[in-house]
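Structure first, commentary second.
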2 protein chains.
Amino acid sequence: MPSRLNAVALCLAASLAAVSGQTFQRLGTCPTLGCVLPPDQQDFLPGQQFDIRFEVHAPTNGSEAFNGGVPDDKFTATITKEGQPAKSIAEFFKLSEPALEKWTFSWFEDLFAQDAKNASVVNVASKIYRRVALYEPGNYNVTLTYYSGRTTTAQWVVRPLAAKKKAKNVIFFIGDGMTTNMITAARLLAHKTVNGKYQTLLALDKFPVLGHQMTHSIDSFITDSANSASALYSGHKSTVNAMGVYADSSPDLFDDPKVETIVELLTRIWGSAWGAVSTAFIADATPIALTAHTRSRYQYGSLIDQALYGVTNYSWTKMNGPDAYFGGGAEQFLAGSGSYLGKDYYAEFAKKNYSISLNKTSLLAAPNNTKALGIFCKSNLPVWLDRNIFPENIKKLTNDPSGAKAAATDLPGLKEMTLKAIDVLHERGGKKGFFLMSEAASVDKQMHVLDYDRALGDLLELDDTVQATIKKLKALGILEETLIVVSADHGHGFDVFGNADTKYLAAQQDDRQKRNAVGVYQNSGLSQYTVEKPGVSYGTGANFPVNWDPRYVIAAGLGANPDHREAYGVAKNGSRVPAAAISGGASSDYYVNPTDKPNGFIVNGTLPTNEAQGVHSLTDVPVFARGPCQDTFGGVYSNIDVFYKIANCLGLAQPTNKTASA
Amino acid sequence: MPSRLNAVALCLAASLAAVSGQTFQRLGTCPTLGCVLPPDQQDFLPGQQFDIRFEVHAPTNGSEAFNGGVPDDKFTATITKEGQPAKSIAEFFKLSEPALEKWTFSWFEDLFAQDAKNASVVNVASKIYRRVALYEPGNYNVTLTYYSGRTTTAQWVVRPLAAKKKAKNVIFFIGDGMTTNMITAARLLAHKTVNGKYQTLLALDKFPVLGHQMTHSIDSFITDSANSASALYSGHKSTVNAMGVYADSSPDLFDDPKVETIVELLTRIWGSAWGAVSTAFIADATPIALTAHTRSRYQYGSLIDQALYGVTNYSWTKMNGPDAYFGGGAEQFLAGSGSYLGKDYYAEFAKKNYSISLNKTSLLAAPNNTKALGIFCKSNLPVWLDRNIFPENIKKLTNDPSGAKAAATDLPGLKEMTLKAIDVLHERGGKKGFFLMSEAASVDKQMHVLDYDRALGDLLELDDTVQATIKKLKALGILEETLIVVSADHGHGFDVFGNADTKYLAAQQDDRQKRNAVGVYQNSGLSQYTVEKPGVSYGTGANFPVNWDPRYVIAAGLGANPDHREAYGVAKNGSRVPAAAISGGASSDYYVNPTDKPNGFIVNGTLPTNEAQGVHSLTDVPVFARGPCQDTFGGVYSNIDVFYKIANCLGLAQPTNKTASA
């Protein structure tokens, strides 16, 4: 494998110090001074479209300073299919040679350099070859030659995948941040045991096939939701905050080399219908990564424009917008500072003949044969627990999706949005089938604020939605032709370790005494969430706790915390805000929030003090599968493999340069 | 299901207050005043032997006080197979009526009662019917009638399982306390990624089938290693600290109603060979639960006697001791206070014609056709990290298994013990096959002391052992007839959430500044454990880190902690002791250990202050399977199902009252 040998040799010769680059990296995918994007070790679906960028770096200072800060702009690049002669990139892909680009960026070599404000400045020469594809399965080597004979080689694999469709429809549920540990805890809250035997189970527990996927990013072992969603949807890992691109070092957030996503492929190859449903604002990473191509997930307005009109700054797969698109995030639709160019995106979607729903009543009444947009509030949808158990917390919000200064109260949940999306997609997809992504977003968002009850409530809502979906597909007669995959994009280091006697805890006077309210091992006892309490009835059905506020609650925690106070038990007045910047302090320095769990005991944090919330964790996350191709989802694999398994089941590979036919 | 209705009705009528019994329970399996053991909702293998105990409780005081504290000693009990008439227990099983027993016990209704030293005292009348079995698959109801017409009914299911052997051999690896999160972290340390693609993988990652098992105890949602091992080995959940029995309330720790274990069944039905290997002391819960029948795992000496001679106080399945038995724990073998009746158990095993090995050299030279005992140190075996990377830590111990005041330094690891056990069992089992349990015990033990490096080192040793086992079975020509299962008994709420720059951390002056050495999300970067450091070489092979002490280490944690100090990075001088009782304080009140990670920042605990270590957690744990019957291990199920799947694959069911034949 010459690529890695070269990389290592160069690395040792030219930039030994950079080897310790860890907290910060010059460019994650480029340990040498010559960069190939997509980098070494990437996989491709036959016929999947992508861009190729080359960069040559010349650091002007720091441990890697080179060539007086002048990047080699005479670099050349070739591509070789195994067993064939090397060709220039332009020749191989029948493109004309692109223009040379130049820019400068800076970074810190470590935390000491950051404290000293000692930035390393890098000058760059670059070229990008846009909209290419590799059709023939096999191994390809791409070699960049620069600085008079240095080389960086990327080895790519085009996987030998199927062009034949095995599933007509795919429904991909994502519990954002959902781990096996959380699923176990949710089962404990909502399902009852008698002498160790569960009397009912989660819908997920009944899936026939289980796998684990590794969630790490291309250049960091902890991922965010943007690049992990991108890996699941495109088969290409990216860097934190990036979606649908390999992040380059240029200042433009929208010129990075792109990769085609599952809905772009499905639209181009089969003309299927597709939709996205989320309890987040719809421009949030997990839903938007289906169509987004940017290295910054925070360009919300632009990304909604991309979702409706496709990529418009470069020639790319033509997109006509989703067939069903339901979630929160009115900020990007109301004309104003949150929307792209200040435009009214309700109007933009209406121009493209969408039905527009701003509440549950309207959603349920929307026609199934028309493209459907449903935006039900500003920001994220209120969580299941507030919608169902503590509705007073919703009434105090000013999140009306019309922009009125009022609370959005006629709200659908994940189940209503998902079932309606299936109706629309089933009708609009017809014989061409459909793809639906349905996200329980606040499993993650509520874990971030250590609000375990709200996170587990939304996990149970996801499970209830999965169960209702199976029933619905059966009723429509399409269950057996629909692949259902339920997974996550990353974890949080959550687990339950016992119970807490909230009555005892509240009665104790000091922090150490309060901790003695926690019962571990045999003293954890059984779940009290499944025990009926006289006078308490929520009417939320068989798949949810019968009591959210028992005396004995779960004691749980994360390994990664900001400073906070812990008293366990449900937060009745809305989501937790565990840490706050103390008045007078810097806004990025967080301490225990004095108004959160005031009766609890203080737990000082393990995270940097500028983190107000918990953070993502490393753990592999589960994959549950049922339907056509289910058996391919067993065992342990990378998150990109979820894409290849789904793409293979949908027959999205194009081993020759033609549009495949069914 | 009348059983549960009855239980609920009685519970509401007679003992409403007891419903909130949670931190403590009168008798976990008995919410009413009449107890049937095995209780409601238990499953059985056809022909599996067990005891039945009935108890009638009369609390003398507290919220449940009843009948002036006089238990009904005229209680009666019947058993009904579905569709057949009820018979008395004695009649059904053709036993004579056992003697009535009486005793008294006490408990606390909650933490307030404990603080007030206000115990509830209960008088008990009881009978036990010993060594029965149910052969015919189907549903059985056992009803206890007491206090003039009250009833408690237990519904039992005898599962319709196979009497035909599908696997000749079974090797069951247990990573004690091992979760998916830990497996993910171990992969990160020992295997390298290039641009997001792992270049090598764990042996576990290559298993074709993956499942999840639920680990909860019969009466608490957090388990310990005794009763979870018992569930895995017998198909019967138990209470914390109990093994091979349903815990009763009597004072005798060895009279509780027993259930037959996998090695007892295998010995009785097929005459196969069996062995246990552990890096713990061999009387520890996971290895000893194969043969132990007690509600107290702490009766170490007695349990070694039980392992060699079988149950001797009651008529029970005849056992002749294991064919291979390797681990630590010389305390129970050296004549003295740690051994049963002070006897020399090396001599006892020798009398039964065992080869006795006290070091690795002797182990490797032991004959394969003779029963083999190997005890290599006192207490637990030193962990992989100390044996391989920091051997100085071993030299300072006085753990010689001969009792000499010296360090045991000629130590085998899990791999050497397991491979030798396979040699012995393969030869001694012959055509009858074998069962081997191999335990990586210190994954759990080191997680307890927050020593993540040592825990993950032993997890990697387990993975390396699994890989070597597959190779060995292939060489012996028995790979395809051997079912290999790798699982755990419970979890710890561990996860990795970023990296820590140890150099930066050490250079900061206060706790909040030190926390800023942690890099999260994109700042976690890549694993530095896989990057060669000039001059550092351990020679530990491809499946282990090339550097255990990089500048950038993993930042990880548990949700459940004692007070401790955190600086991340490897503890070079031996395992961590995170919390200590400050001199002058009560020995059960733990604070930060001033000598552990003295350069770190303080993290105050979330656990009761009498906990010096972390505790177990709730999470479902993974099950990896390959070989005959592998497909039955997919999906989500209870820990008892692991037993039924293995027993079914070994053809251990006896649907009629005869010994089955191959």
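The values are calculated or read from the model by the stated rules, or taken from the named source; none is laboratory data. These figures come from a predicted structure and were not determined experimentally. With ideal geometry, Cβ positions are generated from the backbone for all residues, glycine too; neighbour counts draw on all protein chains shown. Surface accessibility is based on the protein's heavy atoms, side chains included, excluding ligands, DNA and RNA. Shrake-Rupley method; radii C 1.70, N 1.55, O 1.52, S 1.80 Å.
For the stretch A:109-134, which residues satisfy the criterion of being at pLDDT 95 or above and within 29 Å of the chain's Cα centre (by Cα)? Matches in the stretch A:109-134: A:Ile128, A:Tyr129, A:Arg130, A:Arg131, A:Val132, A:Ala133, A:Leu134.
Matching residues to (1) under 20 Å from A:Cys649 (Cβ atoms); (2) under 16 Å from the mean Cα position of the chain (by Cα); (3) outside the structural domain of A:Trp384 (by TED's automatic domain parsing):
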position: A:Asp255; (1), (2), (3): no, no, no
position: A:Glu264; (1), (2), (3): yes, no, no
position: A:Arg268; (1), (2), (3): yes, no, no
position: A:Ser278; (1), (2), (3): no, yes, no
position: A:Arg295; (1), (2), (3): no, yes, no
position: A:Tyr298; (1), (2), (3): no, yes, no
position: A:Leu303; (1), (2), (3): no, yes, no
position: A:Leu308; (1), (2), (3): no, no, no
position: A:Trp316; (1), (2), (3): no, no, no
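Could you check, for the stretch B:303-315, whether at least one of its residues is open to solvent by 10 Å² or more (accessible area, probe 1.4 Å), free of Cβ contacts under 8 Å to residues at least 12 places away in the same chain and not hydrophobic (A, V, I, L, M, F, W, C)? Within the stretch B:303-315, one or more residues are open to solvent by 10 Å² or more (accessible area, probe 1.4 Å), free of Cβ contacts under 8 Å to residues at least 12 places away in the same chain and not hydrophobic (A, V, I, L, M, F, W, C).
Considering the conditions (1) out of contact with any His (no Cβ under 9 Å at 6 or more places or on another chain); (2) under 30 Å from A:Asn573 (Cα atoms), A:Asp495 is excluded by exactly one of them, (1). Set side by side, the residues B:Leu144, B:Leu189 differ, and just one is more than 10 Å from chain A (Cβ to nearest Cβ), farther than 30 Å from B:Leu650 by Cβ and part of a helix (DSSP H, G or I), which is B:Leu189.
Condition check for B:Thr261 on (1) crowded, with 24+ Cβ neighbours inside 10 Å; (2) under 30 Å from B:Tyr300 (Cα atoms); (3) facing another protein chain (nearest Cβ under 8 Å): one failure, at (3).
Just checking, which of A:Gly557, A:Gly635 is surrounded by 24 or more Cβ atoms within 10 Å (Cβ to Cβ), under 24 Å from the mean Cα position of the chain (by Cα) and either facing chain B (nearest Cβ under 8 Å) or modelled with pLDDT under 85 (or both)? Before the answer, list the steps.
On the way: A:Gly635 fails: surrounded by 24 or more Cβ atoms within 10 Å (Cβ to Cβ).
Exactly one of A:Gly557, A:Gly635 is surrounded by 24 or more Cβ atoms within 10 Å (Cβ to Cβ), under 24 Å from the mean Cα position of the chain (by Cα) and either facing chain B (nearest Cβ under 8 Å) or modelled with pLDDT under 85 (or both), namely A:Gly557.
Do we find that B:Val577 is part of a loop (DSSP other than H, G, I, E, B) and within 26 Å of the chain's Cα centre (by Cα) in this structure? Answer is yes for this residue. Annotation note: Cβ proximity below 6 Å between a residue of the stretch A:345-369 that is part of a loop (DSSP other than H, G, I, E, B) and a residue that is open to solvent by 50 Å² or more (accessible area, probe 1.4 Å) and of a type in the set (Ser, Thr, Tyr) (sequence gap 6+ or interchain) occurs for A:Leu358/A:Ser402.
Only one residue in A:Leu385, A:Leu419, A:Leu363 is under 16 Å from A:Gly329 (Cβ atoms), among the aliphatic types (A, V, I, L, M) and not assigned by TED's automatic domain parsing to the domain that holds A:Ala555, so which one is that?
Among A:Leu385, A:Leu419, A:Leu363, only A:Leu363 is under 16 Å from A:Gly329 (Cβ atoms), among the aliphatic types (A, V, I, L, M) and not assigned by TED's automatic domain parsing to the domain that holds A:Ala555.
For the stretch A:615-630, enumerate the residues that are more than 8 Å from every other protein chain (Cβ to nearest Cβ) and either buried (at least 24 other Cβ atoms within 10 Å of the Cβ) or not in a strand (DSSP E or B) (or both). Listed by number, the residues that qualify are A:Val621, A:Val623, A:Phe624, A:Ala625, A:Gly627, A:Pro628, A:Cys629, A:Gln630.
Being farther than 24 Å from A:Ile470 by Cβ and of a type in the set (A, V, I, L, M) is the requirement here; does A:Val209 meet it? Break it down into steps so the answer makes sense when it comes.
On the way: farther than 24 Å from A:Ile470 by Cβ: no; of a type in the set (A, V, I, L, M): yes.
It is false that A:Val209 is farther than 24 Å from A:Ile470 by Cβ and of a type in the set (A, V, I, L, M).
On the given criteria, is A:Leu189 touching a helix residue (DSSP H, G or I) at 6+ places or on another chain (Cβ under 8 Å) and more than 30 Å from A:Trp270 (Cα to Cα)? Yes: the conditions hold for A:Leu189.
Here's the yes/no breakdown for (1) open to solvent by 20 Å² or more (accessible area, probe 1.4 Å); (2) over 21 Å from B:Ile422 (Cβ atoms); (3) of a type outside the set (Asp, Glu):
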position: B:Lys474; (1), (2), (3): yes, no, yes
position: B:Val485; (1), (2), (3): no, no, yes
position: B:Asp489; (1), (2), (3): no, yes, no
position: B:Lys514; (1), (2), (3): no, yes, yes
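Look at the stretch A:209-235: where a residue is at the interface with chain B (Cβ under 7 Å from one of its Cβ atoms) and over 21 Å from A:Ala283 (Cα atoms) and a partner is basic (Lys, Arg) and part of a strand (DSSP E or B), sitting 6+ places away or on another chain with Cβ atoms under 9 Å, you get A:Val209/A:Arg626; A:Ile218/B:Lys197. In the stretch A:516-528 there is no residue that is at pLDDT 85 or above and more than 10 Å from chain B (Cβ to nearest Cβ).
Looking at A:Asp495, A:Asp423, A:Asp510, A:Asp464, just one residue is surrounded by 24 or more Cβ atoms within 10 Å (Cβ to Cβ) and not hydrophobic (A, V, I, L, M, F, W, C), and that residue is A:Asp495. From the list A:Phe333, A:Phe349, A:Phe326, the one residue that fits, being over 30 Å from A:Ala475 (Cβ atoms), open to solvent by less than 10 Å² (accessible area, probe 1.4 Å) and modelled with pLDDT of 95 or more, is A:Phe333.
When A:Ser238 is tested against (1) modelled with pLDDT of 95 or more; (2) touching a Phe, Trp or Tyr at 6+ places or on another chain (Cβ under 9 Å), only condition (1) is not met. Here is the figure for the stretch B:204-240: residues that are in contact with an Asp or Glu (Cβ under 8 Å, 6 or more places away or on another chain), assigned to a loop (DSSP other than H, G, I, E, B) and open to solvent by 10 Å² or more (accessible area, probe 1.4 Å) total 2.
Table: residues versus (1) facing chain A (nearest Cβ under 10 Å); (2) open to solvent by less than 10 Å² (accessible area, probe 1.4 Å); (3) within 27 Å of B:Ser527 (Cα to Cα).
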residue: B:Ser148; (1), (2), (3): no, no, no
residue: B:Trp156; (1), (2), (3): no, yes, no
residue: B:Lys164; (1), (2), (3): no, no, no
residue: B:Ile174; (1), (2), (3): no, yes, yes
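Considering each residue of the stretch B:568-590 in turn, none proves to be open to solvent by less than 20 Å² (accessible area, probe 1.4 Å) and facing another protein chain (nearest Cβ under 9 Å). Residues that are modelled with pLDDT under 95 and buried (at least 19 other Cβ atoms within 10 Å of the Cβ) are absent from the stretch B:357-366. When A:Pro550 is tested against the conditions (1) within 7 Å of another protein chain (Cβ to nearest Cβ); (2) at pLDDT 85 or above, the lone failure is (1). The set of residues in the stretch B:472-493 being touching a residue at least 24 places away in the same chain (Cβ under 8 Å), assigned to a loop (DSSP other than H, G, I, E, B), more than 14 Å from every other protein chain (Cβ to nearest Cβ) and not aliphatic (A, V, I, L, M) consists of B:Glu480, B:Glu481.
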